[in-house]
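Peer 1: This structure is in structure tokens; I'll ask about it shortly.
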Amino acid sequence: MALIILRSALFQVAYYSHCTLWFIMAMVGWVLPQQAMLTFARWWGAGGLFLHELIVGSRVEIRGEENVVRGPVLVAAKHQSAWETMAIVLFYPKPTYILKRELIWLPLFGWHLLKAGQVPINRGDRAKALTAMAEGVRRATKQGRHILIFPEGTRKKVGAPPAYRYGVARIYESLGDVPCQPVGMVSGLAWPRNTLLHFPRRIIVEFLPPIPAGLDGEVFFERMKDEVESTSVRLAAEAGYRADKAASSQSSA
């Protein structure tokens, strides 16, 4: 455990130093075309993932890369940690995240998000949020952008009951002829939420075959939810997660 604490502390120092450096360097992107800021984002993400593997010792496995849609697409991914917010942009050169409005208020980081053409929404007003999402994603796909969303809206602990939100189906319907790419993963065992500790465990990502455009919203939602969740549960088991052990640990605590 002492080694894990040491590695976690070293990673925190290295990671936040890396973020600070890149956020400052990316300021030049404010006067450059939008694509320059997207390039900075990929470099930042790649650096963060490299540090996690190097210092923490996480082991990353990517599956189904041949399924990655190169044109406009709605990407619906499992969300367990900060890891995937950096990783997914490496596979989609023109990423557009749908994110909570509060993030754009963060100094530097939030301003970079606006320059990069991300779509902030006010989750406190559901009606306005859905309208803003629909308008933002339609505009983005017309520019050839890739729409990235975490359908549960927030990070979930590995093994936690799923809570997918129907907003992703609204977006899917509003996009018309744009397919959806489901992405299952397990990242929360190596980079857990709400803790400073990081673990040298497997991170597995699987890009699933795209769901075609034009399905009924309810049909799409159930299919997307089932594919993302069942894949993530399977990958978590492969990475060493056991629900019975987790329950036993919580009971003893």
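The values are calculated or read from the model by the stated rules, or taken from the named source; none is laboratory data. Model, not experiment: these values are computed from the prediction. No Cβ is skipped: glycine too gets one built from the backbone with ideal geometry, and neighbour counts run over all protein chains shown.
Peer 1: If you scan the range 34-82, which residues turn out to be among the β-branched types (V, I, T) and more than 15 Å from F199 (Cα to Cα)?
Peer 2: T39, I62, V68, V69, V73, V75
Peer 1: Which members of the range 166-218 meet the condition of being out of contact with any Pro (no Cβ under 8 Å at 6 or more places or on another chain), closer than 20 Å to V75 by Cβ and of a type in the set (S, T, N, Q)?
Peer 2: Within the range 166-218, S174, S187 qualify.
Peer 1: Can you tell me which residue in the range 25-77 is surrounded by the most Cβ atoms within 10 Å (Cβ to Cβ), limited to those that are farther than 22 Å from A190 by Cβ and polar (S, T, N, Q)?
Peer 2: Per the criteria, the residue is T39.
Peer 1: For the range 188-209, does any single residue satisfy the condition of being hydroxyl-bearing (S, T, Y) and in contact (Cβ under 8 Å) with a residue 12 or more places away in the chain? I'd like the intermediate steps shown before the answer.
Peer 2: The first filter runs over the range 188-209 and keeps only residues hydroxyl-bearing (S, T, Y), leaving 195.
After this cut, where a residue has to be in contact (Cβ under 8 Å) with a residue 12 or more places away in the chain as well, the list is none.
Within the range 188-209, none of the residues are hydroxyl-bearing (S, T, Y) and in contact (Cβ under 8 Å) with a residue 12 or more places away in the chain.
Peer 1: So which helices (runs of 4 or more DSSP H) are wholly in the range 1-89 and hold at least 1 residues that are modelled with pLDDT under 95 and under 16 Å from the mean Cα position of the chain (by Cα)? Talk me through it step by step, then tell me what you get.
Peer 2: Details: elements: 2-25, 34-51, 83-87.
Ranges flagged: 34-51, 83-87.
Peer 1: A follow-up question, please. Output the residue which, of all residues in the range 216-228 that are among the aliphatic types (A, V, I, L, M) and touching a residue at least 40 places away in the same chain (Cβ under 8 Å), is surrounded by the most Cβ atoms within 10 Å (Cβ to Cβ).
Peer 2: The residue in question is V228.
Peer 1: Which of the following residues is surrounded by fewer than 15 Cβ atoms within 10 Å (Cβ to Cβ) and either assigned to a loop (DSSP other than H, G, I, E, B) or touching a residue at least 40 places away in the same chain (Cβ under 8 Å) (or both): T154, T131?
Peer 2: The match here is T154.
Peer 1: If you scan the range 165-188, which residues turn out to be surrounded by fewer than 20 Cβ atoms within 10 Å (Cβ to Cβ) and either part of a loop (DSSP other than H, G, I, E, B) or not hydroxyl-bearing (S, T, Y) (or both)?
Peer 2: Residues satisfying the conditions are R165, Y166, R170, E173, G176, D177, P179.
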